[in-house]
Amino acid sequence: YEVSEDSFFQNMLNFYNFSAKVMADQLRKPPNRDQWSMTPQTVNAYYLPTKNGIVFPAGILQAPFYARNHPKALNFGGIGVVMGHELTHAFDDQGREYDKEGNLRPWWQNSSLEAFKNRTECMTEQYSRYTVHREKVNGRQTLGENIADNGGLKAAYNAYKSWLQKNGEEKRLPALGLTNHQLFFVGFAQVWCSVRTPESSHEGLVTDPHSPDKYRVIGTLSNSRDFVEHFGCPLGSPMNPGKHCEVW
């Protein structure tokens, strides 16, 4: 497609038009298992069910997600949770429909499906209670990403504990007054700091499969017993409601 030197808006229209044509061209054709879904500079990551693999473009391998000189607690809480998130997508409400070879077919036992349904219902109800500008989050629309957020945090924290067992405790960062276990959860939370206009927030609630950034943090951490333990959240407080939704 053509790129103009003086019209950013037209360039975006051309790009979206080109992307739509590429997507439409794939209809009724065998899936291209080698196709990349993102550019190398994209700050994102994804799970590819047709190859049963996870992809991390170079763009996300930088702060605040990762840096070589960061404490391991921050890296595990940042890029580590993202890795766990993408791995968990293989077992969310959509990824579970693909087998290990990337074929779309049912492979779970009925008992597993029933248990999965029961566990995910808790999470659907939890996130549906959250609101942004008096507009409710769609807990069913965001279910897959919420499963991945919660599973990713748990997997990354377990990985951090395994690292500590092999390498010993890290030095604590001065002046923060945080343990490294607390720093792990801060590392997770800080990557989702954002500011959105009411209009942008509304668009996200309608179209985005992810929960709003605020609730990606609050919802996930309030389900984490490890977070509750290390921050000493009293039972019945907003971050320790007593009922923790857990799928994986």
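Read the figures in this text as sums done on the coordinates, not as results from a lab. Everything numeric here is computed off the predicted structure, so don't read it as measured data. A quick note on method: Cβ atoms are made from the backbone with ideal geometry, for glycine too, and the neighbour counts reach across all protein chains shown.
Here are some notes:
- Search result, residues across region 45-103 that are of a type in the set (Lys, Arg) and either more than 17 Å from GLY151 (Cα to Cα) or surrounded by fewer than 18 Cβ atoms within 10 Å (Cβ to Cβ) (or both): LYS51, ARG68, LYS72, LYS100
- From the options GLU101, GLU135, GLU86, GLU97, residue that is acidic (Asp, Glu) and farther than 25 Å from TYR46 by Cβ: GLU135
- Any hit, region 222-232, residues being closer than 15 Å to GLN141 by Cα and of a type in the set (Val, Ile, Thr): no
- Here LEU74 fulfils each of the conditions (1) part of a loop (DSSP other than H, G, I, E, B); (2) touching a residue at least 12 places away in the same chain (Cβ under 8 Å) apart from (1).
- Filtered residues of region 122-139 (kept if without any contact (Cβ under 8 Å) to a residue 24 or more places away in the chain and surrounded by 15 or more Cβ atoms within 10 Å (Cβ to Cβ)): THR124, SER128, GLY139
- Helices (runs of 4 or more DSSP H) contained in region 140-248 and holding at least 2 residues under 25 Å from ILE60 (Cα atoms): 143-167, 180-190, 198-207, 213-222
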